[in-house]
Amino acid sequence: MEEKEISQAVISRLPRYFRYLGELKDEGVERISSQDLSELMQVTASQIRQDFNNFGGFGQQGYGYNVEYLYDEIGKILGLDKQHNFVIIGAGNLGRALGNYMNFERRGFMFKGMFDRDPELVGRDVRGIKVRPMEQLESFIRENDIDIAVLTIPKNSAVEVVDRLVKTQIHAIWNFAHMDLDVPEGIQVENVHLSDSLMKLSYNINRYMKERGKS
């Protein structure tokens, strides 16, 4: 299939489709219509068809979608048919929580290493992985075919660490540091601002209360 530019809005919905289809597959559902999927996901059937048509469409008129086939195809689009090795930089509470999250492996994301500059954290065990000193970062990335670096470090440390990561030619950074990163073209960055999600939640609570005349 010829490659075409897909909007980020469509791409952002693909993991949700993948998750719902995975649940349907686990429940033994073999096929589903765009209308039924629409009701399940609270996305219009038209939106679902438009999204899937970006990739050539996957359904048959009068039949709907084969759940397992669609699940597999979206997984391929998301690159989940390949293994991605990652390291976590920052062995604090958030870093250790991510390291202990076992569902990453189910999606092909393999936790290979963890790094920190704090001597009290170096040597600790996180799900069978020993926290390593930062001095070993570059060599470990090169020797272990690491694709993704996960940053769970303070803002004031992020720029220096990112500069080091760029030199290793890492493919992607999942960034939990409280700053947006400036990296060369070719390195993919996903910024995660946890406080932004809470502020969005706060806005929705506030709007809901106002609509009902509460303050």
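Scan region 84-123 for residues that are under 19 Å from PRO15 (Cβ atoms) and part of a helix (DSSP H, G or I) and the total you get is 5. On the stretch given as region 1-41, residues that are of a type in the set (Val, Ile, Thr) and not in a helix (DSSP H, G or I) total 3. Of the residues making up region 183-215, those that are without any contact (Cβ under 8 Å) to a residue 12 or more places away in the chain and open to solvent by 100 Å² or more (accessible area, probe 1.4 Å) are GLU185, LEU198, MET199, LYS200, TYR203, ARG207, TYR208, LYS210, GLU211, ARG212, LYS214, SER215. If you go through region 1-32 and keep only what is in contact with a strand residue (DSSP E or B) (Cβ under 9 Å, 6 or more places away or on another chain) and open to solvent by 40 Å² or more (accessible area, probe 1.4 Å), you end up with GLU30, ARG31.
The number of residues in region 97-117 being under 23 Å from SER157 (Cβ atoms) and either open to solvent by 60 Å² or more (accessible area, probe 1.4 Å) or among the aliphatic types (A, V, I, L, M) (or both) comes to 7. Name the residue, out of LEU40, LEU94, LEU80, that is over 21 Å from the mean Cα position of the chain (by Cα) and open to solvent by 20 Å² or more (accessible area, probe 1.4 Å). Of LEU40, LEU94, LEU80, the one residue that is over 21 Å from the mean Cα position of the chain (by Cα) and open to solvent by 20 Å² or more (accessible area, probe 1.4 Å) is LEU40. Pairing residues of region 78-104 that are more than 16 Å from ASP125 (Cβ to Cβ) and in contact (Cβ under 8 Å) with a residue 60 or more places away in the chain with residues that are surrounded by fewer than 18 Cβ atoms within 10 Å (Cβ to Cβ) and among the aromatic types (Phe, Trp, Tyr), at Cβ distances under 8 Å and at least 6 apart in sequence or on separate chains, gives PHE86/PHE104.
With the requirement that a residue be at pLDDT 90 or above and either part of a helix (DSSP H, G or I) or touching a Pro at 6+ places or on another chain (Cβ under 8 Å) (or both), what does region 53-83 give you?
Step one: filter region 53-83 for residues at pLDDT 90 or above, giving 65-83.
Selection gives VAL67, GLU68, TYR69, LEU70, TYR71, ASP72, GLU73, ILE74, GLY75, LYS76, ILE77, LEU78.
Is it the case that ARG142 is within 23 Å of the chain's Cα centre (by Cα), open to solvent by 70 Å² or more (accessible area, probe 1.4 Å) and on the phi > 0 side of the Ramachandran plot? Criteria not met by ARG142.
The set of residues from region 180-196 being more than 11 Å from VAL166 (Cα to Cα), among the aliphatic types (A, V, I, L, M) and part of a loop (DSSP other than H, G, I, E, B) comprises LEU181, VAL192. Within region 97-120, the set of residues being over 21 Å from LEU165 (Cα atoms) and in contact with a Gly (Cβ under 9 Å, 6 or more places away or on another chain) comprises ARG107, GLY108.
Of all residues in region 4-20, one or more are among the acidic types (Asp, Glu) and at pLDDT below 90. Taken over region 124-139, the criterion of being open to solvent by less than 40 Å² (accessible area, probe 1.4 Å), over 14 Å from PHE86 (Cα atoms) and not in a strand (DSSP E or B) is satisfied by MET134 alone.
The values are calculated or read from the model by the stated rules, or taken from the named source; none is laboratory data. Being a predicted model, the structure only gives us computed values, none of them experimental. Cβ coordinates were reconstructed from backbone atoms using ideal geometry, including for glycine residues, and neighbour counts include every protein chain displayed. Just so you know, the surface numbers come from the protein's heavy atoms only, side chains and all, with ligands and any DNA or RNA stripped out. Shrake-Rupley method; radii C 1.70, N 1.55, O 1.52, S 1.80 Å.
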